[in-house]
1. Would you point out which residue out of Pro210, Pro220 is over 20 Å from Ser262 (Cβ atoms) and either in contact (Cβ under 8 Å) with a residue 40 or more places away in the chain or open to solvent by 60 Å² or more (accessible area, probe 1.4 Å) (or both)?
2. It is to be established whether one or more residues within the range 42-50 are more than 33 Å from the chain's Cα centre (by Cα) and not basic (Lys, Arg).
3. Need pairs with beta-carbon distance below 8 Å; first residue in contact (Cβ under 8 Å) with a residue 12 or more places away in the chain and within the range 12-39, second part of a strand (DSSP E or B) and basic (Lys, Arg); sequence gap 6+ or separate chains.
4. Out of the residues in the range 246-256 meeting the condition of being assigned to a helix (DSSP H, G or I) and over 15 Å from Glu232 (Cβ atoms), tell me which one is least open to solvent (accessible area, probe 1.4 Å).
5. Quickly run through the range 85-137 and pick out the residues that are of a type in the set (D, E, K, R) and surrounded by fewer than 15 Cβ atoms within 10 Å (Cβ to Cβ).
6. Can you name the condition, by its number, that Lys24 falls short on among (1) in a loop (DSSP other than H, G, I, E, B); (2) under 30 Å from the mean Cα position of the chain (by Cα)?
7. Please verify whether Glu188 is within 16 Å of the chain's Cα centre (by Cα), modelled with pLDDT under 95 and of a type in the set (Asp, Glu), treating the condition exactly as stated.
8. Give me the residue from the range 18-38 that is touching a Phe, Trp or Tyr at 6+ places or on another chain (Cβ under 9 Å) and open to solvent by 60 Å² or more (accessible area, probe 1.4 Å) and, out of that set, modelled with the highest pLDDT.
Amino acid sequence: MSEQIKLGDYNTLKVVKPAERVSKLGETENFGIYLDGGDEGEILMPRKYVPEGIKIDDEVTAFVYLDQDERLIATTEKPFAKVGDFAYLKVNWINEYGAFLDWGVMKDVFCPFREMKMKMEIGDSYIVYIHIDSESYRIVASAKVEHFLKEEGAPYKYGEEVNLLVWQKTDLGFKVIVDNKYAGLIYENQIFQYVHTGDRLEGFISQVRPDGKIDVTLQPSGRKETINFAEELMQYLKENDGFCELGDKSEPDAIYKSFHVSKKVYKRAVGDLYKKHLIEINPMGIKLIKRK
């Protein structure tokens with residue numbers, strides 16, 4: 001494959017000519033357009049994917065992959081993942097060689113049995129890595145995702161915001177894939193919402209350990225989180241007659257149900273507002289101080 005075409009990825013290509021053939025009745029049928037693939041020759045974009053009004057010499061951004069006959073094909077469909085991505089994909093069917101997963105384009109992506117960590121089942125979804133097989137040069141999926149994660153050199157600082165893909169449940173919490181590159185962990189006692197394998201979430205770096213392992217949280221770390229929630233709590237008081245019934249004796253679950261934060265964060269925010277003389281605290285809860 002030449003460097004000009006990125007297989008299993010998006011490419012911006014020029015329209016060369018219409019794709020036409022003569023039917024048995026002698027009529028000219030249009031079945032798409034051909035795009036300039038450079039050293040790879042012309043690449044077909046089937047008619048149902050051709051943007052309306054496109055002309056010769058126009059450029060089109062298309063996802064390029066291999067069809068059933070291993071020929072380059074272009075589509076304007078948006079796949080769930082491209083080569084180099086981790087994704088949570090559902091199994092459509094299985095044969096004697098492996099499983100075929102729905103990745104958002106017409107042809108399913110293949111996961112050989114040797115690339116499975118457990119037997120896949122039709123209808124179930126799995127975290128996989130999309131890559132190009134070095135022997136067959138086909139686009140394939142692998143459920144052995146740990147082989148494709150970077151193990152060192154994570155450039156993160158405390159509190160930095162990152163993108164997470166929830167990978168799997170463990171005794172400690174949930175393993176996640178950080179920014180499509182690194183393995184991370186959210187500890188069970190720091191999760192205050194429903195989390196499921198395949199979820200894509202925003203998270204925050206808690207620490208990068210000396211061994212390269214990454215701890216993350218789903219809430220902004222420390223002071224930033226307190227400031228953000230203190231502002232939210234003030235707005236709540238203004239919209240609810242200046243009163244909130246949650247106080248120091250309230251159960252953590254009640255606080256989380258109302259505000260989706262931990263009791264620790266709630267108490268910090270209340271303390272901040274109290275020190276600024278914005279609220280008063282009583283046995284019934286907290287009350288906004290009215291300014292004259």
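The values are calculated or read from the model by the stated rules, or taken from the named source; none is laboratory data. Everything numeric here is computed off the predicted structure, so don't read it as measured data. Cβ: placed from backbone, ideal geometry, glycine included. Neighbour counts: every protein chain shown. Surface accessibility is based on the protein's heavy atoms, side chains included, excluding ligands, DNA and RNA. Shrake-Rupley method; radii C 1.70, N 1.55, O 1.52, S 1.80 Å.
1. That would be Pro210, the only listed residue that is over 20 Å from Ser262 (Cβ atoms) and either in contact (Cβ under 8 Å) with a residue 40 or more places away in the chain or open to solvent by 60 Å² or more (accessible area, probe 1.4 Å) (or both).
2. No, the conditions are met nowhere in the range 42-50.
3. Phe31/Arg21; Ile33/Lys17; Tyr34/Lys17; Leu35/Lys14; Asp36/Lys14
4. This residue is Ala254.
5. Answer for the range 85-137, where residues must be of a type in the set (D, E, K, R) and surrounded by fewer than 15 Cβ atoms within 10 Å (Cβ to Cβ): Glu96, Lys107, Arg114, Lys117, Lys119, Glu121, Asp124, Asp133, Glu135.
6. Every condition holds for Lys24 apart from (2).
7. So Glu188 fails the test.
8. Glu20
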